[in-house]
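Here is the structure we will look at.
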Amino acid sequence: MMERAYVKTVSAKDLKSLFEDEFGRLKQAVDAGKNTALVSEPYAGRDMLLDELSSNLGGAERVSFGSVADAEGDVPEDADVYLVEGCRYLYTRRIDGFENLESFVDGVAESEATVVASWNLYAWSYVRQATEVDDVFREDIVLPELGTSSIAELVASEYDITDFKSDLEETREEGGDITDRLPAGIRFRLGERSDNVFEQITALSGGNLGVARSVFESRTWEDGSEDDVGELSYEDAFMLLVVLTKEDVEHQVLEEVVSPNSLEKSIRKLSDAGYVESDDGRVTLRPERLVNAVERLERRNLVW
Amino acid sequence: MVSGVPDLTEVQPFDIDSTTVVGAVFTLAVAYVLARFAAYALTRLSERSVKRRTTVKMFIPVTRSVIYAAALYYVLGPLFNLTSGQLLAFSGVLGAVLGLGIKELFANMVAGIVMVFESPYRTGDKVEFRDYYGEVTDIGIRSTKLTTPDDSVVTVPNYLVFTNAVSNANAGSVEMMVVVEFHVAADTDIDRAVSVVREGLKISRYVHLSDNHGVQVLVEDRRGYRRLRGKAYINDVRNEQAFRSDVTERVLAKFEEEGIESPDVSAALLDDAGSVGSAGEEA
């Protein structure tokens, strides 16, 4: 599996301070015995937040599904609290592709344990309409976008920002409060045109901390946000959607949901456009293109 | 002289000469070019986003109407300066022209203006009109253009809208319900068949699922076979045929894999010839 360098250096404690409200609600839900879905965009740090919850709770069991092949959907029966990662692998978009998810949901419903399941936002939006998963996970907590000041402090704490000290000072003075109150679409358009590098990074990352790191490392803001890829075919856009919901997926899973004849061509096209990386039989979403990918799919009404 | 009443000898008579005619023709030509350009620009803008397409296209007939109305006002404005004799002569000519056979053209134009405000359908809607079904691609002053699923362009005179029923499948929305039908043998495992159809609808790459847009499968018992009607919403009205094809292909492949058989053709024909199936039940 491809190493995700962009999340490895953030401590769970840092994440907890960034998502204090959400962590508080999570803890309250677990204490009340409510099965909870923790939902976020890819690379936004939800699994690391589970790490913090795990150390906070003491006796919680971790269950992790690393791929579709691993995700058999069984819920063990020997703990009071389960923290489940990788739920996005529990289904595939084919007939009978929801069996593992349904088995998992039935297991959670019958169990007396409290389950916190982490979900990719776009996978969750789909499965809660396609199945009855939200009848069992009645509480869902969605991690919000971070503002400019949070992104700036995060980047400053992890990288050498000597060249951008003045931008950081400016961000600290302004507090980022004014633009942070604007609707996201307007905020990000303003940010893209800003001279302040942290506002640009926030705009290009959509307030996603993992993507922000990737944007900083690859200096994406220097290329601008011009989209010179041209229009994707519907087939390519749908494959991009599948990769978005899975984040990291095997070729054989993609073969089941897209046309096998065009699989390699679509992977090549998306890879050339910078949306995905293909290596060792797996296709992974590139974090620095996440915002652009979501915009394209929204324009096609493929994400909702 | 009575105060407040204009002295008619002071009203300048309006002369229609070659300059006036050329000016009118030039004004109408400019209006035509402007209207075409505005429609083109708005169409290009609308195609950038599926979600905003119908909203942006809604402004096309409105913009065209405003441009033509302004041009007509500019051209016909001087008519208000006609003497009573000239006005009477003009009315007579207009009445004769209408009576001579272009009353339908006039009726279409009036209907076109009314449609701008009443909107029985908008550009981008999928409508059924008498024998024609297709996407409304243009609403003009005189007629409406539909593009059928076979890519034929049908031109419908606007006045027909007011004398015929129009069925609108999506009413301005990007999403639209589509029905896909399957027929299975009477002795088949109906629960399994329903489950396959339901999943086939949910997993389609063209489906749109939301709290208001779910998936339904209705079962109808016919003599010798069962009819399954799968209903779901698609994410873009233009994906209707692709959705039907996608769902049909996947469901039939699964039916074959699991031995879910199609009905005997003769039973289906006998039923279609004269009987009525029992009432459907929702699965």
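Can you find, within region B:214-238, the residue that is surrounded by the fewest Cβ atoms within 10 Å (Cβ to Cβ) among those that are touching a helix residue (DSSP H, G or I) at 6+ places or on another chain (Cβ under 8 Å) and within 11 Å of another protein chain (Cβ to nearest Cβ)? Restricting to residues being touching a helix residue (DSSP H, G or I) at 6+ places or on another chain (Cβ under 8 Å) and within 11 Å of another protein chain (Cβ to nearest Cβ), the top hit is B:Gly214. If you check B:Val174, B:Val180, B:Val196 for being at the interface with chain A (Cβ under 10 Å from one of its Cβ atoms) and modelled with pLDDT of 95 or more, only one passes: B:Val196.
Counting only strands (runs of 3 or more DSSP E) wholly contained in region B:142-249, the ones carrying 2 or more residues that are of a type in the set (Asp, Glu) occupy B:216-222.
Residues that are within 12 Å of chain A (Cβ to nearest Cβ) and in contact (Cβ under 8 Å) with a residue 12 or more places away in the chain were ranked within region B:32-57; the one that is surrounded by the most Cβ atoms within 10 Å (Cβ to Cβ) is B:Arg53. Looking at A:Leu50, is it part of a strand (DSSP E or B) and either β-branched (Val, Ile, Thr) or farther than 30 Å from B:Arg192 by Cα (or both)? Considered against the rule, which asks whether it is part of a strand (DSSP E or B) and either β-branched (Val, Ile, Thr) or farther than 30 Å from B:Arg192 by Cα (or both), A:Leu50 comes out as no. Annotation: B:Asp189 fulfils all but one of (1) surrounded by 16 or more Cβ atoms within 10 Å (Cβ to Cβ); (2) within 30 Å of A:Arg93 (Cβ to Cβ); (3) in contact (Cβ under 8 Å) with a residue 60 or more places away in the chain; the unmet one is (1). Here is the figure for region A:89-117: residues that are over 28 Å from B:Glu258 (Cβ atoms) and surrounded by 24 or more Cβ atoms within 10 Å (Cβ to Cβ) total 3.
Please find, within region A:125-141, the residue that is farthest from A:Thr92 (Cα to Cα) out of those that are of a type in the set (A, V, I, L, M) and more than 9 Å from chain B (Cβ to nearest Cβ). Filtering first and then ranking leaves A:Ile141.
A:Arg62 meets the stated requirement of being touching a Ser or Thr at 6+ places or on another chain (Cβ under 9 Å), modelled with pLDDT under 90 and not in a loop (DSSP other than H, G, I, E, B). Every condition in (1) within 13 Å of chain B (Cβ to nearest Cβ); (2) under 21 Å from A:Asp248 (Cβ atoms); (3) out of contact with any helix residue (DSSP H, G or I) (no Cβ under 8 Å at 6 or more places or on another chain) is met by A:Phe98 except one, and the failing one is (3). Across region A:262-301, the qualifying residues are those that are within 14 Å of another protein chain (Cβ to nearest Cβ) and open to solvent by 10 Å² or more (accessible area, probe 1.4 Å), and the one among them that is modelled with the lowest pLDDT is A:Ser262.
Against the test of being in contact (Cβ under 8 Å) with a residue 12 or more places away in the chain, open to solvent by 20 Å² or more (accessible area, probe 1.4 Å), over 30 Å from A:Leu254 (Cβ atoms) and of a type outside the set (Gly, Ala, Ser), the options A:Asp51, A:Asp47, A:Asp78, A:Asp70 yield a single qualifying residue, A:Asp78.
The values are calculated or read from the model by the stated rules, or taken from the named source; none is laboratory data. Model, not experiment: these values are computed from the prediction. Reconstructed Cβ throughout: ideal geometry from the backbone, glycine too, with neighbour counts over all protein chains shown. Calculation scope for accessible area: heavy atoms of the full protein, side chains included, ligands and nucleic acids excluded. Shrake-Rupley method; radii C 1.70, N 1.55, O 1.52, S 1.80 Å.
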